[in-house]
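Read through the structure below, which is laid out as structure tokens, and then see the notes.
What follows is calculated from the coordinates using simple rules that are stated; it is not laboratory data. Nothing here was measured: the structure is a model prediction, and the numbers come from that model. Ideal geometry is used to build each Cβ from the backbone, glycine not excepted, and the neighbour counts take in all protein chains shown.
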Amino acid sequence: MSEVSDAGALRVTYAHQITPKRQAWLFKLDDVGVMPLGTATICAGNGGEGKSTFALYTAALLTRGELPGDFLGKPQTVIYFGPEDDWSTVTVPRLTAAGADLRRVAQVQAETTIDAVTLQRELRFPLDMGLLRQAVEETGARLIILDPAPSMMGTADMNKVQDVRRAYEPLMALAQRHELGVVMINHFGKGAGSVSHKLSGSHAWRDLTRSFLAFATDEDTGERVITQDKSNYGAGSTSWKFILESVDVPVEDGVTSVGRVRFLGESDISVGDIINRGADDEADDEDRNAAQGFVLDYLRGCEGWEAKAAAVMKAGLAEGFSKDEIKNARKRSKAPRITSAKSGYGAGWVWQIDPDETDTDTSDPAEGVTKVSKVSAFADATPSTPSSVEVTPSSPCPNHGTDYVIGGCYTCDAIHGDPWAA
């Protein structure tokens, strides 16, 4: 019995016939590729972690030509799918808050006629790939955002490998053909564990994409953290942080408050650190306290009570502690607190016993006010002379309403006090 093939004519291509090309990037940070062109990036995390707001922040920068990457200085058009949010009350105000050029953000829908009435519906994949291809060609879009991607699979099952591949492999081919970026928003499953296994649904979501950005909130600081857990074309394993600030946006009948991203730079805390923090807390108290005591003793033996994080880690490993034990010891140290910061642009991380908790001058205690001598943990920070700020103990931070006083607020430090984060 002969076999019948439905494939086309055979084509053989040798490697020397293929011209090598540099990987192009939609988004780069400090020479680290974050979102590649010609394929997709998946952004995942629990609800409320700022994934959608960050995606719109990226889109806004791209429409203004301000997104670091291959389109820096070249404004581009974005196609945004957000079937779960109303455009007039949610999407457009968010884009406005992010500073997007609204003329470069397109909503794409399909027209359908029911009982002689023409309606618009959201696209479904792979059913409507032809319409999306047409939209890309008409708009010249270089970024497509699907938020969330699983909701656009119609009746297909996001937990089945074949369903996910059938829905989105044609989109990957479209991205490669037109060299555009695709951002797919998804969610985390429950529980702790490896970030790689937290992505909801089939492993095909991770396999299809070439960059995986995980999102989580650091409850100790209120900052959102992004970790690049997968990067086929770049270094990967880099983490960054941002906060969401509320801004008023004009609308038809007044103003509405929406969140926007304030980017804070690199983070020495990863999403893996955050989601496994609860599991770490179940570790033996004696071992935990021993690691914390080691880190404090080491720093107290250094000039200025500070040292490079790499040096502390190396010494801790030599003493038999694990890398996670040393990192968690720093994060758990509260009295005194151990700060972590960049020692200068392009330099490594420095750990320092918080000078705010070691050099104080209390005046007028009847008024409940303490003058704190603020000494920068950054070696090259300017000005070099200490500045004095007044804070009321146990009161919220006056800059953005956290429960931390200003001398102990990471976010205030990053926004107002650290030159590298400006």
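Rounded to whole Å and ordered largest first, report the semi-axes of the equivalent ellipsoid of the stretch 15-274 derived from its Cα gyration tensor (root of 5λ).
Numbers: eigenvalues 131, 115, 81 Å².
In descending order the semi-axes read 26, 24, 20 Å.
This model, with +1 at the C-beta of Lys and Arg and -1 at the C-beta of Asp and Glu, gives the stretch 15-274 a dipole about its Cα centre of some 900 debye.
Highest-first packing order for the peptide set 210-223, 48-61 is 48-61, 210-223, based on the mean count of other beta carbon atoms within 10 Å. Bridges between two residues of the stretch 15-274, per DSSP, are antiparallel at a rate of about 60%.
State the extension gain, in nm to one decimal, for the chain segment bounded by R11 and A173, taking 0.36 nm per residue of separation less the distance between their alpha-carbons.
Numbers: separation 162, 0.36 × 162 = 58.32 nm, distance 1.87 nm.
Taking 0.36 nm per residue and subtracting the Cα distance, the gain is 56.4 nm.
Ranked by the mean number of other Cβ atoms within 10 Å of their residues, highest first, the peptides 300-312, 109-121 fall in the order 300-312, 109-121. Pairs over the 25 Å Cα-Cα cut-off, from the set K28/K342; K308/K334; K241/K327; K28/K160; K230/K308; K21/K160: K28/K160; K230/K308; K21/K160. Two decimals is fine: what is log10 I(q)/I(0) at q = 0.08, 0.13, 0.16 Å⁻¹ for the stretch 7-162, from a Debye sum with one equal scatterer on every Cα and no solvent? Evaluating at q = 0.08, 0.13, 0.16 Å⁻¹ gives log10 I(q)/I(0) of -0.30, -0.74, -1.04.
Taking square-rooted eigenvalues a ≥ b ≥ c of the alpha carbon gyration tensor, is the stretch 56-98 rounded, prolate or oblate, where a/c under 1.5 means rounded and, failing that, a/b exceeding b/c means prolate?
Prolate is the answer for the stretch 56-98, as a/c is 1.5 or above and a/b outweighs b/c.
Database remark: amide H of S267 closer than 5 angstrom to the amide H of S239, W240, K241 (H placed geometrically; neighbours at sequence offset of 5 or more, or on other chains; Pro and chain starts carry no H). The trypsin sites (Lys or Arg not before Pro) of the stretch 127-193 that meet both conditions, a loop assignment by DSSP and at most 15 other Cβ atoms within 10 Å of the site Cβ, are K160, K190.
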